[in-house]
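*Asks:* Attaching a single structure in structure tokens format; questions to follow.
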Amino acid sequence: MFIHRIKVLVLVGTLGGLGISCDRTEKFSEPLPKVVDFNFHVKPILVQNCYLCHGPDPSSRKADLRLDTYEGAVAALKEGGHAIVPGKTSKSELVKRIYDEDPGKIMPPPETNLKLTEREKALLDKWIDQGAQWKEHWSFIRPETKMDMEDPNAIDLLIDRQLEGKGLEKVPMANKNSLIRRVSYLLTGLPPDPKEVQEFIADTSSAAYEKLVDRYLNSPAYGERWARHWMDLVRYAETKGHEFDYAITGAWKYRDYLIRAFNEDVPYDQLLKEHIAGDLLETARKNKETGVSESRLGTTFYVMGEGTHSPVDVRQDEADRIDNMIDVTTKTFQGLTVSCAKCHDHKFDPITAADYYALYGVMESTRFSPVPSDNSKDKEITVKEIEKLNSYMGKLVAKKWNLPKNSDSNTDLVQEIAVDLKKKTYTVIGDFRGRDLDGWKSDGHAFGKRTTLGDPILDQISGKLLGLQEGKASSRLIGMGIFGALRSPNIILEKDFVGVRAKGKNSSIRIILDNFQLIQNPIYGGMDQKVNTGNWNNFVFNVAPWKGRKAYIEIIPGGYEGHIYNLPEDAFIEAEYAVTYDGKWPSNLENNLGSVQAKGTWAGLDISPYKVRMFNDDLKKGKLPARIPELKSVMDSSQQLAKKLKTDSFFNGVYDGYGVDSPVFNRGNYKEPSEERIPRRYLSVLSLRDSLFRSDGSGRLELARTMLNNDNPLTSRVMVNRIWHHLFGRGIVETVDNFGLQGKLPSHPELLDYLAVKFRIDGWSIKSMIRTIVTSETFKRSTLRGEALASTDPNNIYLASFPVRRLEAEAIRDGILMVTESLDTLMYGAPVATHLTDFMQGRGRPRKSGPLDGEGRRSIYLEVRRNFLEPMMTTFDRPIPFSTFGSRNVTNVPSQSLILMNDPLVAQQAEIMAEKLLEKKLGSFEEKVQWIYMQAFSRLATSEELKKASHFFDMLSRMERKDDTGADKEMAVWKEYCHSIFNLKEFIYLI
Amino acid sequence: MGHHHHTKSRIISRREMLGLSAGGFGSLAFMGLFGTLPFGCKRASHLETASNLYLGPHYLPKAKNVIFLYMDGGVSQVDSFDPKPRLAKENGEDPRKKFKVDATQFDNVGKILKSPWDFRQYGECGMPVSDLFPHIATCVDDIALIRSMVSNFPEHTNANYFLHTGSGLQGRPSMGAWMNYGLGSENNNIPGYVVLDGGLIPPGGLDNFKNGFLPASYQASVFKAGPEPVANINPREDIKNLQEEKLQFIKQMDDSLIGKIGEADAVESAISNYELAYKMQSSIPELTEFKEETEATKKLYGLDSDDPHLRGYASQCILARRLIERGVRFVELTCPNVGADRWDQHSNLKVGHERNAHAVDQPIAGLLKDLKSRGLLEETLVVWTGEFGRTPFAQGSDGRDHNPSAFSMWMAGAGVKGGTIFGKTDEYGYRVIENEVTVHDLHATIMHLLGLDHKQLTFRFGGRDMRLTDVHGNLIKDVLA
């Protein structure tokens, strides 16, 4: 499709020469480049000015002309001629039209309010003159580099090349105090311990800095810092917001998973796989300490979205939810805004609505579910052992009964009751009276892989054989207290009722309409029925209002209370069949085993419901022996093993459903679906081999593989750019979540590609990438820059100096706690409840407020309640969790000052700091100030600062009430001093 | 510079940025028609593109400020501003025999229910108003009533988000945030977007008032009645002048930091913010004490009432006037907690609506009259609306369920044609049959009155130029003066 596919590397070579002027450039403030590059010079002009009418979206295309493809741009125009004739500006209609003075002809037309500058016109002109070389969008070309992977100076080489090209002069290295504070905050989110500062200053060895970097990379606080960066991408929250702010079960386990993953430096490709398809991986990654499977926790990111309370239009609700999942998934991992193609083809990027609905199907085929937090390889093995023991029990019985002989007499009578299909007022959704689960999904372990049909029933005490089980799906198949869910295939509701014949204790049957989970009154309450009957009972769901909707049935031991899933120890549920019908419960169903399959083996023999009845009759009549001594011990071992599988701790995650291909919704409206359904697949533009997902399930594993395909040009670029962004405060591509045509171009394309390639080669190690970057000279430069740089590179794009950065919300709060020595470094666990102020009102408000100081824990452990976000966090720009925010805003507002001036937490911490200071029993005033400076700024105060401190201190002392006694007064004065220290800009900025 | 400075390609120089970032200090050159200084806003340098800079109105505005009287829960249109005699005639009959009934959230459809209140005609225009609002009724000649509002959502929270942000989903910027993003605040000492918490935060919570993807500077500041009207507004220092001394020390130290590091706009703006914060500390308490309000004014709003909820709402209304007098761009009042769960009368319509109406009726009328007598109504747009209406048939026996298919709202003040009735519902007041007005249309119109073209006020987020009105919105021309 793209004729001139030129490596980015080549074009970068030309970028360096941007400053060289050529003949026609005098009139422009910035001279025209020698070689005009399509991606870097031309396309930005086309995207901003032309693509709305001549871009990828056919619905808004004018004059049948498209300028987003080479073919389109050089094609014959309807009215004759060609928009672009490469090498021939005089013949190119485009050139004529941009210079045209006739308002009826000039492009862009005046009514668009768009106007090309003279320089832009000249660029287009020159580019066509030079042959109109077309290239694929830069980020869709696979990154390649000629740099030496082992060259420790590669970053500096590439940065310096551009600095030299621009004639910018580098500033010197930062001093050691600044450096350690910078590295400590950026790697761990905390200021350095003053002892570490002293050690670093004292260590004059050449490896001192590398040692420092490694120490912080290996600090547990590193994971806490970088996990929080990641949480901004996945709209991390612990509640679902909306009307009542329901909890997201186990959200914090996902947060802990991230912290562990970053600390263990789990390779990024693994992390990606676990997020997209952690439930589908052949081998799950184990927690090093507990052996528990980690991988599934990644999928919790799907369920971090908002949850609507009783939406009347549940289908629209699903569409909104899936849209959010697509939005977050594609921005986070691919830096693409696929969600823009919901209503029509993307206006700018070559992403079609079909691409969007291909991914929509993937999400629609994914089911939300509680997932036990303690799954492990051991448990998997235990389940297999139990299954073996159980089938061994069957074999023992078969052997004893000498069945081959006996069975001859029992011809299969399954079809004995004829069913008049025409008269049938019902449809069977699942029948478990046979041997198998009738195509339903048995998620988790409880229901095993088959029904109970033919399983020996033993007297628990004597071990005497009481009979064989009839067929049913049972959550007790493996044992009690084990998680599992039996879920039907998707059905389209066509009849008034869904019925399930079931019995059990403390358990539930739920009808999941369009994947909607927050089942409750008013509207959906009837779709979740509690099962508490010892005898078989017909559970009836009136689904008449939702005819035509997609649904599935979920049979689950335990159940939901306030949308939190619980599994009581005595909970179990068993089901015989599920039907959908009109009118009355179908009366002939009970005896009709017509749909029950006779197939399946029992101890190597065919078993059928009929045979089980015959055997049980024979057993009762004493025709078959009931004493089989070995049985009891096998049963005991099986039950003993089952105890190891008990679980009572869950998180919200996903299980794979049944593959659904989605139609395209015209203008994003599900009420206007296309005839054709779009097969689940990856984005067509990246034309990666084998992008069709063929799995029977969602296709998420294939999605993960496509993202990690060697030819995927985005995955590694997007991630290294995020890392760069967190270290420098700005990405090489500034729009970190948008690498599409509307995103910014990379400031250092060659560097980005070098890092992207290196990231892959180094095994996707995030820590190595960070180490590579922070050990560069570029990173170690001082922030002090003169007026020259201020005018030549005002936004510090070229990094002649290190950018001055304000600390993030968490780093400010954690920094305060650290310098007052009140930080509790305890890691992990349930979040500390949100501290509620009077200003935080509304539905779903927790009854009790959390502590003011968050128990001294790091901010990452404070609860994130969507409807009650921590004011200090949001005021200092922690994003509102609804979409991907790879880059935080940095606002500057008086409410930030008011927090530092007047917030009770800050005042409380100042007092604590003063107490700590006085406890040190430091001798002189100077020592005290120096202690504070080292704590807060990682440096000693200058003599000038000491002098100012002394004046200030004296003044404070004069102001404090005269009647205060000495110690109290000293305390009061130091408190005010410490409080002032928190308010210095140096405290919240990395200087 | 006029008002063309919002064009996309405008390059903002470093010093101009600094002017902005300092919340307006020394940036006179940047002021549009109303001193368009975003309240203490540092334009983050990494916003997606320069198109994320909007400074000032697109054309000559009619209104400077908006007071948004939010009738949380949904006022019943057929009991307030849209009389339907047919309900009385068919009272007690089965609605399903009369018209198609949509699914509702509670699905407890009762009989057709006549309004418990009588309607009378008021003013020169003769607009009918029910006995629920005898005071507002005296202002009808200033009011443009729209009887043909529809919402996309029958659930409170979606509908609240929709009304406030133009999207039924959580996390989008509120209209108050958009207005401030577009116009900035006129006053550097008070935030440009204020929510007066009258006791009830609507379902959906504070996210109704947030900045969404806009910078946090545009989120609402919540004011509450009481000794600390705004979070952290009161100094902790209990010794006179102590805070000033501390701030001076801080300034001195910060200045020497600037001397050391040289070029650092962000730090300089952070320093200026302390000056603003300090001024806010004194300007806000002054605002909330009504020292200079006359007894007559207080009485006009109903501050002398026996009903504590009425008194509470009256002081919110006075405060709203005081805020817009000081240039606050957008003020929203939430409902008082009268103990009847907002206007959301799924049962006991009579008692609930009466309690709510009693609390807000006189203060709102007082506000309109007070604004008018001070000449402020000419530059202030007052908007009165719920998130949807209620059903003409009963829920159970004596309540009404949610109805997004028709509701009434009104506007008064700047640029609004008083004494107008626009749009029409069917004979039951159940559905709109003429001149349907969407929430997007309402937003477009409010923005228009403020001098903003809703199609041009965009913010680049996630690869799209986002708008308050998404891809919708038409001006409601018939209600414009």
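*Asks:* On C-alpha positions alone, give me the angle between the axis of helix A:943-959 and the longest principal axis of chain A, in degrees, nearest 10.
*Replies:* 70 degrees
*Asks:* Same structure, new question: Grab the DSSP H runs of chain B that are 4 residues or longer, score each as -39,500 (n - 2.57), total them, divide by all residues and round the 222 nm result to the nearest 500 deg cm²/dmol. It would help to have the intermediate numbers written out before the result.
*Replies:* On the way: 10 runs with 137 residues, N = 481.
My calculation for chain B gives -9000 deg cm²/dmol from helical runs alone.
*Asks:* If the viscosity is 0.692 mPa s and the temperature 37 °C, what translational diffusion coefficient in µm²/s does Stokes-Einstein give for the stretch A:435-489 when Rh comes from Kirkwood over Cα pairs? Working shown, then result.
*Replies:* Working: Rh = 11.8 Å.
Rounded to a whole number, D works out at 277 µm²/s.
*Asks:* In the structure displayed, which of A:Lys449/A:Lys644; A:Lys253/A:Lys767; A:Lys286/A:Lys744; A:Lys550/B:Lys350; A:Lys240/A:Lys767; A:Lys288/A:Lys767 lie more than 29 Å apart, Cα to Cα? Don't skip to the answer; put the middle values down first.
*Replies:* Values: A:Lys449/A:Lys644 19 Å; A:Lys253/A:Lys767 22 Å; A:Lys286/A:Lys744 39 Å; A:Lys550/B:Lys350 41 Å; A:Lys240/A:Lys767 33 Å; A:Lys288/A:Lys767 18 Å.
With Cα atoms farther than 29 Å apart: A:Lys286/A:Lys744; A:Lys550/B:Lys350; A:Lys240/A:Lys767.
*Asks:* What is the percent of Cα-Cα separations in the stretch B:158-265 that go past 17 Å?
*Replies:* Values: 3818 of 5778 pairs.
In whole percent, the long-distance tail amounts to 66.
*Asks:* Could you quote the convex hull projected area for the stretch A:102-193, Cα atoms only and averaged over all directions, in nm²?
*Replies:* In nm², the orientation-averaged hull projection of the stretch A:102-193 is 12.6.
*Asks:* Checking a compactness column here: for the stretch A:888-937, what do you get for Rg(Cα) / (2.2 N^0.38 Å), N being the number of residues?
*Replies:* Working: Rg = 14.5 Å, N = 50, 2.2 N^0.38 = 9.7 Å.
Ratio of Rg to 2.2 N^0.38 Å for the stretch A:888-937: 1.49.
*Asks:* What does the C-alpha gyration tensor say about the overall shape of the stretch B:330-421? Classify as rounded when a/c is under 1.5, otherwise prolate if a/b is larger than b/c, or oblate.
*Replies:* Values: a/c = 2.80, a/b = 1.83, b/c = 1.53.
Prolate, because a/c is 1.5 or more and a/b exceeds b/c.
*Asks:* Would you count, across the stretch B:71-215, every pair of lysines whose alpha carbons are under 28 angstrom apart, provided the pair is eight or more residues apart or spans two chains?
*Replies:* For the stretch B:71-215, the number of qualifying lysine pairs is 16.
*Asks:* Then there's this: Computed over the Cα atoms, what is the radius of gyration of chain A divided by 2.2 N^0.38 Å, N being its residue count?
*Replies:* Numbers: Rg = 34.0 Å, N = 991, 2.2 N^0.38 = 30.3 Å.
That ratio works out to 1.12.
*Asks:* Write down the radius of gyration of the stretch B:59-198 and its Dmax, each obtained from C-alpha positions, in Å.
*Replies:* 19.1, 59
*Asks:* Using +1 at the C-beta of Lys and Arg and -1 at the C-beta of Asp and Glu, which of B:Leu449, A:Ala446, B:Ala365 has the Cα lying farthest in the positive direction of the dipole of the protein assembly as shown?
*Replies:* A:Ala446
*Asks:* Between the helical axis of A:966-982 and the dominant principal axis of chain A, each derived from Cα atoms, what acute angle in degrees is found, rounded to the nearest 10?
*Replies:* Here the helix axis deviates by roughly 90 degrees.
*Asks:* Another one. How would the stretch A:112-253 be classified by its alpha-carbon gyration tensor: rounded, prolate or oblate, with rounded meaning a/c under 1.5 and the a/b versus b/c comparison settling the rest? Mind dumping the intermediate values first?
*Replies:* Values: a/c = 2.51, a/b = 1.26, b/c = 1.99.
In terms of gyration-tensor shape, oblate.
*Asks:* Among A:Lys464/A:Lys643; A:Lys388/A:Lys611; B:Lys240/B:Lys279; A:Lys379/A:Lys632, which pairs are too far apart, with a Cα-Cα distance over 19 Å? Each step should come with its number before you reach the end.
*Replies:* Details: A:Lys464/A:Lys643 22 Å; A:Lys388/A:Lys611 23 Å; B:Lys240/B:Lys279 16 Å; A:Lys379/A:Lys632 23 Å.
In this structure, A:Lys464/A:Lys643; A:Lys388/A:Lys611; A:Lys379/A:Lys632 exceed 19 Å between Cα atoms.
*Asks:* Here's a follow-up. Compute for the stretch A:45-139: radius of gyration divided by Kirkwood radius, i.e. Rg/Rh, restricted to C-alpha atoms, rounded to two decimals.
*Replies:* Working: Rg = 12.5 Å, Rh = 13.5 Å.
The Rg/Rh ratio comes out at 0.92.
*Asks:* Tell me which lysines have Cα within less than 16 Å of A:Lys780's Cα, excluding those fewer than 8 residues away on the same chain?
*Replies:* Reachable lysines: A:Lys170, A:Lys176, A:Lys211.
*Asks:* Sort out for me the Cα centre separation of the stretch A:521-561 from the stretch A:646-717, rounded to whole Å.
*Replies:* So the two Cα centres are separated by 29 Å.
*Asks:* Return the calculated 222 nm mean residue ellipticity for chain A, to the nearest 500 deg cm²/dmol, obtained by summing -39500 (n - 2.57) across DSSP H runs with n ≥ 4 and dividing by the residue count. Intermediate results must be reported in sequence, preceding the final value.
*Replies:* On the way: 33 runs with 361 residues, N = 991.
Per the formula, -11000 deg cm²/dmol.
*Asks:* Related question: Hey, fewest Cβ within 10 Å first, where do B:Glu387, B:Glu434, A:Glu111 land in order? All intermediate terms of the calculation are to be shown ahead of the outcome.
*Replies:* Details: B:Glu387 35, B:Glu434 11, A:Glu111 7.
By the 10 Å Cβ count, ascending, the order reads A:Glu111, B:Glu434, B:Glu387.
*Asks:* Of all the Cα-Cα pairs you can form in the stretch A:615-657, what percent are over 13 Å apart? Intermediate results must be reported in sequence, preceding the final value.
*Replies:* Details: 659 of 903 pairs.
So the portion of pairs separated by more than 13 Å is 73 percent.
*Asks:* A further question follows. Pick out, from A:Trp138, A:Ile84, A:Thr290, the residue whose Cα sits farthest towards the positive end of the charge dipole of chain A, with +1 on the Cβ of Lys and Arg and -1 on the Cβ of Asp and Glu.
*Replies:* Of the candidates, A:Thr290 comes out farthest on the positive side.
*Asks:* Additional query: What fraction of the Cα pairs in the stretch A:499-555, stated in percent, has a spacing above 15 angstrom? Intermediate values should be presented prior to the final figure.
*Replies:* On the way: 741 of 1596 pairs.
Across the stretch A:499-555, Cα pairs with separations above 15 Å total 46 percent.
*Asks:* I need the peptides A:488-497, A:865-874 ranked by packing, meaning the mean over residues of other C-beta atoms within 10 angstrom, with the highest value on top. List each step's numbers first, then the result.
*Replies:* Values: A:488-497: 17.1, A:865-874: 23.4.
Listed from highest to lowest mean packing, they are A:865-874, A:488-497.
*Asks:* Now for a separate question. So, how do all the Cα-to-Cα distances of the stretch A:819-971 break down into 10 Å bins, in percent, from 0 on up?
*Replies:* Answer for the stretch A:819-971: a P(r) of 9, 28, 32, 21, 10, 1 percent.
*Asks:* If amide H atoms are built 1.01 Å from N in the plane of the peptide, which residues on other chains or at least 5 residues away come under 5 Å of the amide H of A:Ile457?
*Replies:* A:Leu466, A:Gly467, A:Leu468, A:Gln469
*Asks:* In terms of Cα to Cα distance under 15 Å, which aspartates and glutamates are near enough to B:Lys372, apart from those fewer than 8 places away along the same chain?
*Replies:* B:Asp141, B:Asp142, B:Glu325
*Asks:* Which angle from 0 to 90°, rounded to the nearest 10, does the C-alpha axis of helix A:208-217 make with the longest principal axis of chain A?
*Replies:* For A:208-217 against chain A, the angle is about 30 degrees.
*Asks:* Any idea how far the Cα center of the stretch A:208-231 sits from the one of the stretch B:448-467, in Å?
*Replies:* 41 Å
*Asks:* Provide the three semi-axes, in whole Å and in decreasing order, of the ellipsoid equivalent to chain B as defined by the square roots of 5 times the Cα gyration tensor eigenvalues. Please report the intermediate quantities before stating the final value.
*Replies:* Values: eigenvalues 343, 123, 76 Å².
Square roots of five times the eigenvalues give 41, 25, 20 Å.
*Asks:* Could you work out the per residue convex hull volume over the alpha carbons of the stretch A:889-991, in cubic angstrom? Spell out each step's value before the answer.
*Replies:* Details: hull volume 11.9 nm³, N = 103.
Taking the convex hull of the Cα positions in the stretch A:889-991, it is 116 Å³ per residue.
*Asks:* Next up: Checking the a/c ratio against 1.5 first, then a/b against b/c, what shape does the Cα gyration tensor give for the stretch A:418-515?
*Replies:* Details: a/c = 2.48, a/b = 1.51, b/c = 1.64.
Judged from the Cα gyration tensor, the stretch A:418-515 comes out oblate (a/c at least 1.5, b/c at or above a/b).
*Asks:* Put +1 on the Cβ of each Lys and Arg and -1 on the Cβ of each Asp and Glu in chain A; which of A:Pro350, A:Gln639, A:Asn902 then has its Cα farthest toward the positive end of the dipole?
*Replies:* A:Gln639
*Asks:* Give me Rg/Rg_expected for the stretch A:616-747, where Rg uses Cα atoms only and Rg_expected = 2.2 N^0.38 Å with N residues.
*Replies:* Numbers: Rg = 27.5 Å, N = 132, 2.2 N^0.38 = 14.1 Å.
Taking the Cα Rg and dividing by 2.2 N^0.38 Å, one obtains 1.95.
*Asks:* How large is the dipole of the protein assembly as shown about the Cα centre if only Lys and Arg carry +1 and Asp and Glu carry -1, each at its Cβ, rounded to the nearest 20 debye? List each step's numbers first, then the result.
*Replies:* On the way: 188 positive and 195 negative charges, 592 e Å.
It comes to approximately 2840 debye.
*Asks:* Full-extension gain between A:Tyr392 and A:Lys671, please, as 0.36 nm times their residue separation minus the C-alpha to C-alpha distance.
*Replies:* Values: separation 279, 0.36 × 279 = 100.44 nm, distance 5.36 nm.
Answer, rounded to one decimal: 95.1 nm.
Rule-based calculations on the coordinates, nothing more; no lab input. Everything quoted here is computed from the prediction, not taken from an experiment. Neighbour counts run over all protein chains shown; Cβ positions are idealised from the backbone, glycine included.
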